[in-house]
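Working notes, beginning with the structure itself.
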Amino acid sequence: MREELGGDGDQMDRVFLQLSSMARDMCTEVRIEAFNALAKMQRVSEGVLLQSLSKKIIKTDTGSASSIKGKKLPPKLSFPCAAGIFAHGVEDEFYQVRTVACKTLGALAKLSNRYAQKALDLLMDMMNDDTEAARLQTLQTLFDMATYGCLSMQEKHMHMFLGILMDANVVVRNAARKILGSVNLPKLQMFKSALDGLIAGLEKNPEDQDIYGVLFSIGKNHGSFSANIAKHLAKEINVASDGELILDKPRIKALLMVSVSAAYDDKDKKLDIPTVIFSHAIPLFGMISCALAEDEQDSLLSYLYRQAGMQFWEKKLVSAEGGDYECFSVETVGGTHAQVETTGKTTKYLDEVVIMQSTRLILETVKGAWAVIKPCSIGEVQSTLRTCKEEVNILAVNSSGSTSAVLSFVCDYLDALQLIVEIWWFIQLDDSHAFGHTSLDILLEKLDTSVRRMKCCYAGLNRGLEVQVLEFALLAILCRLFEFGTCSKLVLDKLHWIINHIDGLCADGSYELSDFSKEVKKVFDGNFIDGTPIVNIYTFLEIFDLKPARDFEMLNATTAVLQVRDTDSENPLSYVYGLPVGVTFDMSLCNTSSHDRIWLRMVACQSVQHVFLDLSCFEGNDKMKSCSRVIPFYATPMACSFVLRACLVIECPFGSIGTHQEGHGGPKDCVVQLCDELDVYFVSADTEQRQWSK
């Protein structure tokens, strides 16, 4: 071998060739260790590397015997020891060998660009490997090559690579998307194919929300291509400006993400992104911000507003130090961004400002969707409402205090709207009775619950919000009248109460009575048959209008936390059949008043027990109060074990048009849950004793 390489041959090349011989060993473990050792090589001649990929013996020429971090090899040499070791390695009968050979291929790619390009052919073939571990390692190798900057995707490989984006295994899909977010795509057609593949994956697997982050990365990495996409998208948006709903479509959201990301990283302002792109991207702020690093998120919405040419609004901020108020009034978003960079106190409140403005824009989107609703477009409206709720949920992740309360209210508001749209779809069917009364009854009951929650679980509702909630309640009752044809005195009394309450809220002229409320009043002034008003629900649905709030003021959510001490599913409490059992509950209440009626509800099997909570026994104030109390549960079942489901509920006289829960010492009106149900586990003392005796 010394003659073959010359007296001064590179020692690293000798080591590589010796390891190559061992990579053909009959022993599987030896082959694995040989490839592992090859992966640690830091300097190898390019000719040797290229020979390791080809089974055919390659003779080096004088001009082509270059080396990486080493010496040039003499001309007319061959390296049969290295011939095709990787070609054989990726075809090995044992997947462990194939996996480590694949890993080594990527590790050596940073030593030579020519080697990296040719190695890509072997790696793409491994995409079809029968073993999931080998396929995942292939994807990891490609990602590492992209990270090192030695992966240049070729057009001939795009079809196979994009097919992986539709793989049934979510881990494989995620790994493939990571590569697309890092690799350079040299041609516009390849870029468009990548976008199409990601969008198709989003439509097939809508739960793969990380696709949006990959789209953002691709847009940033290919600015000029993204600008091309943005210009075509702007034309599509302008053509659809006659009212067609498009923002809820995965394709449109994806293209908006790509367009915005390109402009966001365009420091020199060379890209000409149409303004309409930014104005349509604002409602998707939550989704876009999740694709950014934390230090970039604060300036994102300001950037979108600035590019869209939109005005900000005045907002008062509460000083964290002294509780003083100071006015925060800025004419443009550009000014806001400058102030954020220079004033630490303003920076602290930027998140709240951003979230509130985003929420208002989402509500405007909802209003626009409702304005074009008709039987043939109900599906589009439902999709838009779902998208808007997803955006609100994303915003809620980093919110707290009054901002969290606003987002919680908006979620309930969107829930009620979704139910109304579903009810509308249901009753406009030619044969809605084919589904039975039960289906519509369930929807109406859910709507009642949602409306009660909005009315009873939020303190500080302004007049506009309260009127909107009351109109939701009116619409729910009208749907019941339309479906069942008759109504009880209780329902009519409730209708009169709501109408009179709305009249009272609008009496001073600060809030105008809507056409919907006026029409309901007119119906109840006449047109009765056998004591029941004549209801044309289609007319009411058509004139029902949304008036999204612009000012949420000091909205606070009434919430609760319920915990039980020293027990879980692994450490259940003991009890005796038929005898009461005491449970120690830790209870915390937020934003409750002395007028609220709070109950602890406990359910086991078919037994329901309510315990009224005297708020005077709680320590704290209306904003936060807490109490620990041992509460007995009386209806213990004759069973070896059982699970008690407990939660805190608030009595809600508003909207109680269903069956009252009067009697048995429980609430006299409907209730709304303030917290999730808590499971308390019990095992009978006899069972426990028998287990110990064993």
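For segment 558-684, rounded, prolate or oblate, judged on the Cα gyration tensor with a ≥ b ≥ c (square roots of eigenvalues), a/c < 1.5 rounded, else prolate if a/b > b/c? Taking the square roots of the gyration eigenvalues as a ≥ b ≥ c, segment 558-684 is oblate. Label segment 91-212 by shape, choosing from rounded, prolate and oblate, from the square roots a ≥ b ≥ c of the eigenvalues of the Cα gyration tensor; if a/c is under 1.5 it is rounded, and otherwise prolate applies when a/b is larger than b/c, oblate when it is not. Judged from the Cα gyration tensor, segment 91-212 comes out oblate (a/c at least 1.5, b/c at or above a/b).
Placing THR99, THR558 in order of accessible area, with the largest value first and a 1.4 Å probe, yields THR99, THR558. A crude spin-label estimate for the pair SER626 and ARG463, with each label 7 Å from Cα along the Cβ direction, gives 4.0 nm.
Ranking TRP497, TRP599 by solvent-accessible area of protein heavy atoms (1.4 Å probe, all protein chains present), from largest to smallest, gives TRP497, TRP599. Peptides 359-369, 499-509 ranked from most to least packed by the mean count of surrounding Cβ atoms within 10 Å: 359-369, 499-509. Here each label is just a point 7 Å from Cα along the line to Cβ, and for CYS506 and VAL576 those points are 6.4 nm apart. The candidates HIS88, HIS610, HIS232, HIS159, arranged from most to least accessible area with a 1.4 Å probe in the full protein assembly, appear as HIS159, HIS232, HIS88, HIS610. Model label points for SER383 and MET160, set 7 angstrom from Cα along the Cα-to-Cβ axis, are 3.5 nm apart. Once the 1.4 Å probe is applied to the protein heavy atoms, segment 558-684 comes out at 51 Å² accessible per residue. If R0 is taken as 56 Å, the Cβ-Cβ distance between CYS27 and ASN184 corresponds to a FRET efficiency of 0.90. Extension gain, ILE427-MET638: 0.36 nm per intervening residue step, less the Cα-Cα distance, totals 71.4 nm. Segment ASN128..LEU513, full-extension length gain: 132.0 nm, with 0.36 nm per residue of separation and the alpha-carbon distance subtracted. Computed extension length for VAL15-PHE524: 173.7 nm, one decimal, from 0.36 nm per residue of separation with the Cα-Cα distance subtracted.
The values are calculated or read from the model by the stated rules, or taken from the named source; none is laboratory data. None of the values given here were measured: they were computed from a predicted structure. In this analysis, Cβ positions are derived from the backbone assuming ideal geometry, glycine residues included, and neighbour counts consider all displayed protein chains. SASA here: full protein model, heavy atoms, side chains in, ligands and nucleic acids out. Shrake-Rupley method; radii C 1.70, N 1.55, O 1.52, S 1.80 Å.
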